[in-house]
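Since the structure comes first, as structure tokens, the remarks are kept for the end.
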Amino acid sequence: MIEGGRYFHNCDERRESHRTARAHLRDALGAARIDPEDAGETFDVRTKHVARMFRDKLSPAYRFLDSRVGMPWDATRSLIARRFDTRTTAGRHIVFDHLQEAAFPGQAMGRSVLGNQPTIEAITVEHLHQWRDRHYVPNRLILVAAGKLDHERLVKLADKAFGDMAPGEPCRTEPARFVGGLRFERRRGDQAHIAIAMPAPQWGAGDAYASQLFADVAGAGPSSRLFQQLREEQGLAYSVSALAQNFSDCGMFWTYVAARRGDAAHVRSEIERVLAETISTLEPRELERARALAKAGMMMSLESCWGQASYVATRLLREGALVEPAEIVARLDAVTLEEVRGVGERMLAGPRALASVGARLALAA
């Protein structure tokens, strides 16, 4: 796993998009003779390169990871350009790029990871080398393996692949600051995509876990308030979701609803109403359900080798140490009803970022 992504894009830099990484991934897997379905995911603030296979396939896994540190570019650029529009045609995806820009205008956190066709076409091999040399350095890389494997052999292969890498300078960035604002994209069709965000606690803050549980109660899953009231009771929504994202120096709580274009303004006001009611009328049983789902989701993800490796790498990046799952469970158990209500009230008292695709909306006065 490598720390990086959206947070380290500067304004003048040509950058790789998610689609770039996916095309690179398939090219590297083919060279390493690994099934493309067995590896690889890219996220906003970190990148994971994963290989899953049987124990006797450790050498192909090593070849795959080694190849990821310096991959060819010219052979894939035209393919990326031809396929670029696939994701941008999906309003449910692009609305979050607009939301991020509205929340953090003029900042690295506000710039799109996806990029656009002109930026992709402008990327050269030199740009990729500069990016690799800056970010793919030992002090920012974590290699984790889980499952039935030979530890000594893994260490030797890692040393062979990465042992001669030169250390790099720490990447310094300006702390992100939630500002808020409005972004709109016109689209033909009957569907509208609406996303609203507000400030949330940063990772490591005392109320970070409380913010996650508030988001779960508000809009995560079919038992959440937004899902029940907007979709089940009023029939206003095709899709509903919510999430509290706790970054290293800031946070963002967002809600998303896909609805009919004609209902967009009403949906936007209903989201605000439901969130406000969640603070004042949150019940213990709702919190306990959200807490149980959060704990179950984490524990069940650890049933696979991939889940264990991902958990370890994420904890090492976020906290600088291996935190046992039992400690995470204890942190979730320690969150009280008053803390969830309190963090919800603080988040809703902050500025708003509003993004919509397909319907023009306005920020509340």
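Structural remarks
- When the stretch 332-349 is filtered for residues that are within 22 Å of the chain's Cα centre (by Cα) and surrounded by fewer than 16 Cβ atoms within 10 Å (Cβ to Cβ), nothing remains.
- Conditions (1) surrounded by 18 or more Cβ atoms within 10 Å (Cβ to Cβ); (2) in a helix (DSSP H, G or I); (3) not acidic (Asp, Glu): number failed by Leu354: (2)
- Which listed residue is modelled with pLDDT under 95, within 29 Å of Phe104 (Cα to Cα), among the small types (Gly, Ala, Ser) and part of a helix (DSSP H, G or I), from Ala309, Ala313: Ala313
- The residues of the stretch 139-164 that are under 28 Å from the mean Cα position of the chain (by Cα), surrounded by 13 or more Cβ atoms within 10 Å (Cβ to Cβ) and not basic (Lys, Arg), listed by number, are Leu141, Ile142, Leu143, Val144, Ala145, Ala146, Gly147, Ala158, Phe162.
- Leading residue by the ranking (nearest to Met198 (Cα to Cα)) among those in the stretch 97-113 that are in contact with a Phe, Trp or Tyr (Cβ under 8 Å, 6 or more places away or on another chain) and surrounded by 20 or more Cβ atoms within 10 Å (Cβ to Cβ): Ala103
- Test: Asp190 is over 25 Å from the mean Cα position of the chain (by Cα) and either assigned by TED's automatic domain parsing to the domain that holds Glu303 or surrounded by fewer than 17 Cβ atoms within 10 Å (Cβ to Cβ) (or both): yes
- Glu286 being over 25 Å from the mean Cα position of the chain (by Cα) and in contact (Cβ under 8 Å) with a residue 60 or more places away in the chain: yes
- Residue match in the stretch 268-278 (condition: hydroxyl-bearing (Ser, Thr, Tyr), in the same structural domain as Arg318 (by TED's automatic domain parsing), in contact (Cβ under 8 Å) with a residue 40 or more places away in the chain and closer than 30 Å to Arg318 by Cα): yes
- As for the stretch 224-234, it holds no residue that is in contact with a Lys or Arg (Cβ under 9 Å, 6 or more places away or on another chain) and of a type in the set (A, V, I, L, M, F, W, C).
- Unmet criterion (only one of (1) of a type outside the set (Lys, Arg); (2) surrounded by fewer than 21 Cβ atoms within 10 Å (Cβ to Cβ); (3) in the same structural domain as Arg318 (by TED's automatic domain parsing); (4) under 25 Å from Ala108 (Cα atoms)) for Ile196: (2)
The values are calculated or read from the model by the stated rules, or taken from the named source; none is laboratory data. In this text, all values refer to a predicted model and were calculated from it rather than measured experimentally. For neighbour counting, all protein chains shown are included, and Cβ atoms are generated from backbone atoms with ideal geometry for every residue, glycine included.
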